[in-house]
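Report on the following structure.
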Amino acid sequence: MSDVDSPAAPSRRPAGPIRLTEREAAPVDVSVVVPIFDEEGNVDGLIAELTRALEGSKRSYEILCIDDGSRDGTFARLRAAQAKDARIKVIRFRRNFGQTAAFTAGFDYAMGEWVFTIDADLQNDPADIPMLLAKAEEGFDIVSGWRKKRKDAFIMRKLPSLAANYLIGKVTGVAIHDYGCSLKVYHRDVVKSIKLYGELHRFVPAVAASLGVRVAELPVNHRARTAGESKYAGFYKTVRRATKVFLDLLTVRFLLSFATRPIHVFGVLGLLATTGGAGLGGYLAIMKLAYGATLADRPLLLLAVLLVIVGVQFVTMGLLGELVVRTYHESQGKAIYAVRTVLDTSVDERSE
Ligand code: UDP
Ligand code: MG
């Protein structure tokens, strides 16, 4: 699908919005990234269902199986499947690094123009892949699956997820129903330009939308797990995951709005605190000097001193933040903008 941008072929998709350089030809149409951790009972069925769906879609494809440090027979099964079909690729981690790391590895290796993510446990239905692809090709950069009829426990899984999706939508301004659904498709421009940390994979649509990427969603099939068990079930894991998601949301919110100007956040807080502290201090000074009041028993004095110190700290933090941000953007060559299209006749003339 290298002809997307050439004028002769009417592009079935507008030029990539976060593309900064000319797009290289994608060697395959579709990459499917599957994080796999202790799923020996699911591997064979997964490969079979994926192969059926992808062959049916009449596209060239690769299946990237990321073995996230499995301790059971998962790797042996993947190796056997890979030996039979060169379109299957296996990346085996040295230990369990978690789902986000697995997605990142998949995104790094993916060669396809479209990159799918899907769970290995067959809760997502590979048969939905052609439908998502068709939607993406209508002109979207991300199409997110929405597990409208989700087959998971209500209290421990669906309820926290409802709350999380609501909160993420409110905080990031990108309201999609199911951030947590693994079945999604991204244009390669998106996955190649976004770095993931922690549990950040679920925020990709929100971060990408802030860069001007078009996001759509479609209801997808969801099935109960039949083999193996959920890696996140249980009260303790649910609370731990919820905490991480909440902290990541804070980070994302910060990165979305203030990452380029930390002083605008911390500086304002610092100035407010310092002004408040100075005001209180001034008032106390007048009381002391003009009226001879004793200040030793005034908690207000403590507050005034605290506010000034905190205020100065905030301003300093803002300035340090500015330094960090400069390092961040400059060392990684990160742009603070995202280009949709470049029209430059001189470039065309030179290349002809
Ligand atoms: N997974 C992984 N590394 C982990 C945990 C999970 O690669 O540390 C994979 C797992 O094999 C599955 C997907 O991530 O393919 C989703 O995990 P799971 O089905 O346990 O989550 P749930 O559907 O219960 O949210
Ligand atoms: Mg699952």
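The values are calculated or read from the model by the stated rules, or taken from the named source; none is laboratory data. A quick note: this is a predicted structure, and the numbers were derived from the prediction, not measured. We place every Cβ from the backbone using ideal geometry, glycine too, and count neighbours over all the protein chains shown. Side chains included, ligands, DNA and RNA excluded: accessible areas come from the protein's heavy atoms. Shrake-Rupley method; radii C 1.70, N 1.55, O 1.52, S 1.80 Å.
Annotations
- On the chain, 62 percent of the accessible area sits on carbon and sulfur atoms, based on a 1.4 Å probe.
- Added length on full extension, which subtracts the Cα-Cα distance from 0.36 nm per residue, Glu55 to Tyr109: 17.3 nm
- On Cα atoms only, tilt of 159-172 relative to the major axis of the chain in degrees: 70
- Förster radius 35 Å - calculated FRET efficiency between Leu247 and Leu302, Cβ distance, rounded to 0.05: 0.65
- For Met111, the accessible surface of its heavy atoms amounts to roughly 70 Å² (probe 1.4 Å, protein chains only, rounded to the nearest 10).
- Antiparallel bridges, percent of DSSP beta bridges restricted to the chain (to nearest 5): 25
- Using the empirical formula 2.2 N^0.38 Å as the baseline, the Cα radius of gyration of the stretch 47-164 reaches a ratio of 1.15.
- Burial order of peptide ranges 133-139, 65-71 (average beta-carbon count within 10 Å, highest first): 65-71, 133-139
- Cross-link check: pairs Lys84/Lys237; Lys170/Lys195; Lys148/Lys192; Lys170/Lys231 evaluated at a Cα-Cα cut-off of 26 Å; pairs beyond the cut-off: Lys84/Lys237; Lys148/Lys192; Lys170/Lys231.
- About the Cα centre, charge dipole magnitude for the chain (Lys/Arg +1, Asp/Glu -1 at Cβ), debye: 1180
- Solvent-accessible area of Lys148 with every protein chain in place, 1.4 Å probe, in Å² to the nearest 10: 130
- Between Ala83 and Ala134, the contour length at 0.36 nm per residue exceeds the alpha carbon distance by 15.3 nm.
- Per-residue Karplus couplings for the stretch 60-72, computed as 6.51 cos²θ - 1.76 cosθ + 1.60 with θ equal to phi - 60°, are listed in order as 6, 8, 9, 10, 9, 8, 9, 7, 7, x, 4, 10, 9 Hz, Gly and Pro entered as x.
- Both radii are taken from the alpha-carbon atoms of the chain; with Rh as the Kirkwood radius, Rg/Rh is 1.11.
- Helix axis angle, 262-291 relative to the chain longest principal axis, alpha carbon, degrees: 20
- Computed from the C-beta positions of Ser331 and Val171 and an R0 of 35 Å, the FRET efficiency is 0.80 to the nearest 0.05.
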